[in-house]
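The values are calculated or read from the model by the stated rules, or taken from the named source; none is laboratory data. Predicted model only: the values in this text are computed from it and were never measured. Positions of Cβ are generated from backbone atoms using ideal geometry, with glycine treated the same way; all protein chains shown enter the neighbour counts.
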Amino acid sequence: MDIGGEHQIPAAREAVWRALNDADILRRAIPGCEALEKISATEFNARITAKIGPVKARFKARIQLEDLDPPSSYTLTGEGQGGVAGFAKGAAKVRLVDQGEGASVLKYEAEMRVGGKIAQVGSRLVRGAARKTAAGFFANFVAILGESA
Amino acid sequence: MNANATTNSGIGGSVRRREDSRFLQGRGKYTDDINIAGQTYAVFVRSPHAHARINGIDTAAAAAAEGVAAVFTAEHTKDIGGVPTGWQVHSKDGEPMAEPKHPVLAEGAARHVGDPVAMVIAATRRQARDAAELVTVDYDPQPAAVDMKAALADGAAKVHGDLPGNLCYDWELGDKAAVDEAFAGAAHVTKLDLVNNRLIPNAVEPRCAIGDYDSVSGEHTLYTTSQNPHVIRLLMGAFVLSIPEHKLRVVAPDVGGGFGSKIFHYAEEALVTWAAAQIKKPVKWTAERSESFMSDAHGRDHVTHAELALDANGKFLALRCSTLANMGAYLSTFAPCIPTYLHGTLLAGQYATPAIYCEVKAVFTNTVPVDAYRGAGRPEATFILERIVDQAAAETGVDPAELRRRNMIQPEQFPYQTPVALQYDTGNYEATLDQALKAADYAGFEARRKQSAAAGKLRGVGLSCYIEACGIAPSNVVGSLGARAGLYEAATVRVNPTGSVVVFTGSHAHGQGHETTFAQVVSDMLGIDYDAVEIVHGDTAKVPFGMGTYGSRSIAVGGAAIAKAVDKIIAKGKKIAAHLLEAGEGDIVFENGAFKVAGTDREKSFGDIALTAYVPHQYPLESLEPGLEETAFYDPANFTYPAGTYVCEVEVDPDTGQVTVASFHASDDFGNLINPMIVEGQVHGGLAQGIGQALLENCVYDAEGQLLSGSYMDYCMPRADDLPSFQVDTTVTACTHNPLGVKGCGEAGAIGAPPALINAVVNALNGGGHSIAHLDMPATPQKVWAAMQSN
Amino acid sequence: MSEQITVTVNGDTVSARPAANTLLSAFLREELGLTGAHVGCDTSQCGACVVLVDGKSVKSCTMLARQADGASLTTIEGLAGDGGELHPMQEAFRDNHGLQCGFCTPGMVLSAVDLVSRNPDPSEGEVRRWLEGNICRCTGYHNIVKSIRAAAKVMRA
């Protein structure tokens, strides 16, 4: 399943890039994220609670950043184990475009796969849940950037 | 069919069911209703991957969680035998099928979504569920084999690394040379590719199992949702847990529907039985519905290419079929025989086709095991045959009813030897065809088509003339074909001293009403009050033996065993009566519940004889044992062959593709009927499942082997509003080889309905100006609409 | 300490302290031993667990036990009269062979009782649409529909 989109962010590209690599900002921005720990420059461990249709699960996720091209793009891959609820994994290609005047655009294309009970009971709902999560993330992200600005 | 209230409580009476009193008041006792003091609860951790290596399982956190009694993985269960398969099929080259081990908990690899990996047992259900969340499994996902054709290709991902590939067997039946020759000389050949969609049985009661162990006596008890407790005892005791029969009791109490899915021996049953002995506490497991979807054996799932050769007069010359049949990841109990001996052998149908050849490749895939589901092999055969016959009719311009009639086996041809091994004992196929056509007003269809057209709807009519083989038998024949069990049935008839009767039958009931039907048979045969007969089933500690309920065998095999035992009671009663009446045994006749000296008014009632048997003061003790209890094991001489014609009319909405069943008429020949009301109900239920398959139900896996139709939100169960009222009636040709002349009625609807539906939909579309040869099931609005757009 | 609730179940007053996340279906089956309400699914589709809450049919798996505080519940065990005489709906199901395995039956019967209380003379189509939330795998619904309409006739009289 593929989703994608782009968001206007009222911050300079470098600031956005720094925020995208900041564990604390990411933890606060990712909906349902209970913990996010940076274990190396390109690796995070996370604990995220997600609800897809009738299935609510706590995922233990490992997130890796690859193909880093600061401050304009990276590929984020993640794999989450949701215990008896199953698993989710995906990859997102993220690009930042400098708009000048302290603004930038974040574009992403993501593919995502789910398995186990999430696929069984909620597969129809995964796209909607993913869009909602993405929208929540960007709203939070922009708000947090606004605070620190 | 007369289903009105009746005063006849014997054979042929629509007696109201005695089991209803408890079911209607919530007093049924289903497995999950049973609670044993000190019972613990098991929850299974199941693979979310279709195929993965298991590098390790960390159970420490789960084991330390509140209330947890034990956490088991393959490390603990690896010495337990695998779940066995009850039938061995041989390939064309004589080699036995590939038979990989089916461990009770995944050993080193998980092979389908839902494969059990760990078992967590705790004091409460909630604690077990919470602890299961704490089990961490280190999976290494592997490529999965999902599509059957792709699974057979070179280089495909292998479901079982220790096998050469994913082929289980490559089987054939019939005279290939004769078929090829007939095709070479045919005036017309019709070809069809079709899919028999994968279904999920979905008995509304989820599976449940409770293991109990008495450490003093060493006795194990398993309460389970089974259609055949003795078979479970045999398979689990002998092959999985090595528990001798006298230390293993299996109880299948009230069971909320089976439809085949509760025939099989499942790993969870063995695990709760084993674990109860390990932790010295009863262990209960109840499936959640989403667990049922990924652990109950699925049904159907065939992909077939079929060809029918006809001469210039529309006579069938030969049929050939090539089928891929999905086995899933492991071989379930009867899986190998479903696409072979219950499918290939049925391809003659009602027709005198002289030459038939069938080949079946069974394929392992990373999906839930596939096994018998209502009809089991016979719906697949009927769908092929009744679709291709309809297509041949369309191509040759012959009316579908007429083409069928031209090729039907005639009454004087019985017993009829088909070219695919079966010998039909009796039938009158044109009689059911005529009755159905008349009752459905087939002749008046065109007028109704016009009416529908005036209302903007496309109307179609579809026929299906099915045959099925019920009461799978006899044991020596099925043994030679690979069955690892006998297929007889056992019954004990115990006459109590005051003349009441208890019948112990190996035929389990899970909705079929045996407690009523069997009591009717016994009361009728013995001339005693219906209420004086009690039927006991479902407990290996009470019933001497049994092969259980599947393949519409209860009345034809189980009922016949009861009748045989009753015959023995009567024979012994005659000896007692002869002594009491001082007459020769040969002069005693048994009529209307009394033993009489023929041609005189001297008689003894059944009650007198029963009392004398237990108070043997005036009794031939030197030549006859006291007591009045007889057991019979009945091994049928042949299958029984119910047959019938179904006529379905549908309306298709050309704007949406929505198919509505406008009418459905079923004429069936089930031989003699014991309880017409119950028979009618069995037909209704079968029709609903057949219509469900044709229009609504579909099991969907994605390319990675994830089960997408895994809940009632995505797997479309037929609701009341999806179905019409049914018109059903019967004709009778009595079975020639069982004592009751009965054939069986449990699966007919599910076998006969799907092709009638699809024939009707195709007829509707083509009548509306489209040109469509075939539509795969289920004919959903989307599929029908798309077909209309493209043709 | 869990919150105490008081409910009337089949005419008897019951006080209990169910855990906050105990479903009404589990409360009835596991705490009160009323196993007539059956659990056939985990997504609130099958309807085997239907009970009457203040006379209205409710899937007892969609409600927490605590939400029933103060309510009057009728389960299948309480539908027959005190003397054991069957409710006309139960009678009609038996007379018309409206059940086979019996598992969906309690939900069907109670759902039907609610239907007839709202609509004393439902048409075949109305009965079929009403049963959207009750799945039966055995009967093909034919005899269930027949049973409900027969009971409605008796209950109207």
Exercise for the section: Output yes when any residue across segment C:73-86 is crowded, with 24+ Cβ neighbours inside 10 Å and more than 18 Å from B:ARG22 (Cβ to Cβ), and no when none is. Expected result: yes
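Residues are listed down the side, and each one gets a yes or a no for (1) at negative phi; (2) under 23 Å from the mean Cα position of the chain (by Cα):
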residue	(1), (2)
B:THR365	yes, yes
B:GLY377	no, yes
B:ILE384	yes, yes
B:ILE388	yes, no
B:GLY397	no, no
B:TYR416	yes, no
B:GLN423	yes, yes
B:TYR442	yes, no
B:PHE445	yes, no
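Among the residues of segment B:42-67, how many are more than 14 Å from chain A (Cβ to nearest Cβ) and buried (at least 23 other Cβ atoms within 10 Å of the Cβ)?
Within segment B:42-67, the subset more than 14 Å from chain A (Cβ to nearest Cβ) is B:53, B:60, B:63-64, B:66-67.
Subsequent filtering for residues that are buried (at least 23 other Cβ atoms within 10 Å of the Cβ) retains none.
So the answer is 0.
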Handout entry: Number of the exception - B:SER725 against (1) of a type outside the set (Asp, Glu); (2) surrounded by fewer than 24 Cβ atoms within 10 Å (Cβ to Cβ); (3) within 14 Å of chain A (Cβ to nearest Cβ)
Key = (3)
Practice task
Determine whether B:ASP254 is surrounded by fewer than 22 Cβ atoms within 10 Å (Cβ to Cβ) and either in contact with a His (Cβ under 6 Å, 6 or more places away or on another chain) or within 26 Å of B:VAL536 (Cβ to Cβ) (or both).
Solution key: no
Problem - Of the criteria (1) modelled with pLDDT of 85 or more; (2) hydroxyl-bearing (Ser, Thr, Tyr); (3) within 30 Å of B:SER709 (Cα to Cα), which one A:SER123 fails - result: (1)
Exercise for the section: Taking A:LYS60 as meeting all but one of (1) part of a strand (DSSP E or B); (2) more than 24 Å from A:GLN8 (Cα to Cα); (3) in contact with an Asp or Glu (Cβ under 9 Å, 6 or more places away or on another chain), write down the number of the exception. Expected result: (3)
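Across segment B:538-591, what is the total count of residues that are outside any helix (DSSP H, G or I) and over 39 Å from the mean Cα position of the chain (by Cα)? Break it down into steps so the answer makes sense when it comes.
Going through segment B:538-591, the residues outside any helix (DSSP H, G or I) turn out to be B:538-553, B:581-584, B:588-591.
Restricting the remaining residues to those that are over 39 Å from the mean Cα position of the chain (by Cα) gives B:581-584, B:588-589.
Within segment B:538-591, residues that are outside any helix (DSSP H, G or I) and over 39 Å from the mean Cα position of the chain (by Cα) number 6.
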Problem - Whichever residue in segment B:453-485 is part of a strand (DSSP E or B) and aliphatic (A, V, I, L, M) and, among such residues, is farthest from B:GLY377 (Cα to Cα) - result: B:LEU458
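When you look at B:VAL216, is it farther than 30 Å from B:ALA145 by Cβ and either outside any helix (DSSP H, G or I) or not assigned by TED's automatic domain parsing to the domain that holds B:THR323 (or both), yes or no?
Working: farther than 30 Å from B:ALA145 by Cβ: yes; either outside any helix (DSSP H, G or I) or not assigned by TED's automatic domain parsing to the domain that holds B:THR323 (or both): yes.
So B:VAL216 fits the description; yes.
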Exercise for the section: Select the strands (runs of 3 or more DSSP E) contained entirely in segment C:1-81, then report the ones holding at least 2 residues which are of a type in the set (A, V, I, L, M, F, W, C). Expected result: C:5-9, C:12-16, C:50-53
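Considering only segment B:704-721, I want to know if a residue exists there that is out of contact with any helix residue (DSSP H, G or I) (no Cβ under 8 Å at 6 or more places or on another chain), in contact (Cβ under 8 Å) with a residue 40 or more places away in the chain, more than 20 Å from C:CYS104 (Cα to Cα) and not assigned by TED's automatic domain parsing to the domain that holds B:ARG553. Break it down into steps so the answer makes sense when it comes.
Going residue by residue through segment B:704-721, those that are out of contact with any helix residue (DSSP H, G or I) (no Cβ under 8 Å at 6 or more places or on another chain) are B:704-705.
Imposing the further condition that a residue be in contact (Cβ under 8 Å) with a residue 40 or more places away in the chain reduces the set to B:704-705.
Narrowing further to those that are more than 20 Å from C:CYS104 (Cα to Cα): B:704-705.
Within this subset, residues satisfying the condition of being not assigned by TED's automatic domain parsing to the domain that holds B:ARG553 are B:704-705.
Yes.
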Practice task
Kindly check whether there is at least one residue in segment B:664-675 that is modelled with pLDDT of 95 or more, part of a helix (DSSP H, G or I), more than 14 Å from chain A (Cβ to nearest Cβ) and surrounded by 21 or more Cβ atoms within 10 Å (Cβ to Cβ).
Solution key: no
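Quick grid of which residues meet (1) of a type outside the set (Lys, Arg); (2) part of a helix (DSSP H, G or I); (3) within 20 Å of B:LEU222 (Cα to Cα):
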{"residue": "B:ALA50", "(1), (2), (3)": "yes, no, no"}
{"residue": "B:ARG53", "(1), (2), (3)": "no, no, no"}
{"residue": "B:ALA63", "(1), (2), (3)": "yes, yes, no"}
{"residue": "B:GLY82", "(1), (2), (3)": "yes, no, yes"}
Fill in the blank from the handout: Among the residues of segment B:440-452, the number that are in a helix (DSSP H, G or I), out of contact with any helix residue (DSSP H, G or I) (no Cβ under 9 Å at 6 or more places or on another chain) and among the aliphatic types (A, V, I, L, M) is 1
Fill in the blank from the handout: Filter segment A:58-74 for residues that are within 14 Å of chain B (Cβ to nearest Cβ) and in contact with a Lys or Arg (Cβ under 8 Å, 6 or more places away or on another chain); the one that is farthest from B:ARG129 (Cα to Cα) is A:ALA61
Exercise for the section: Tell me, yes or no, whether segment B:566-587 has at least one residue that is closer than 30 Å to B:GLU205 by Cα and either touching a strand residue (DSSP E or B) at 6+ places or on another chain (Cβ under 6 Å) or of a type outside the set (A, V, I, L, M) (or both). Expected result: no
Completion exercise
Selection from segment C:31-68 of residues more than 7 Å from chain B (Cβ to nearest Cβ), charged (D, E, K, R) and within 21 Å of B:ASN35 (Cβ to Cβ) yields C:GLU31
Exercise for the section: Kindly indicate whether B:LEU707 is more than 14 Å from chain C (Cβ to nearest Cβ), within 28 Å of B:ALA203 (Cβ to Cβ) and touching a Cys at 6+ places or on another chain (Cβ under 9 Å). Expected result: yes
Problem - Selection within segment B:639-663 - in a loop (DSSP other than H, G, I, E, B) and surrounded by fewer than 20 Cβ atoms within 10 Å (Cβ to Cβ) - result: B:ASP653, B:PRO654, B:ASP655, B:THR656, B:GLN658
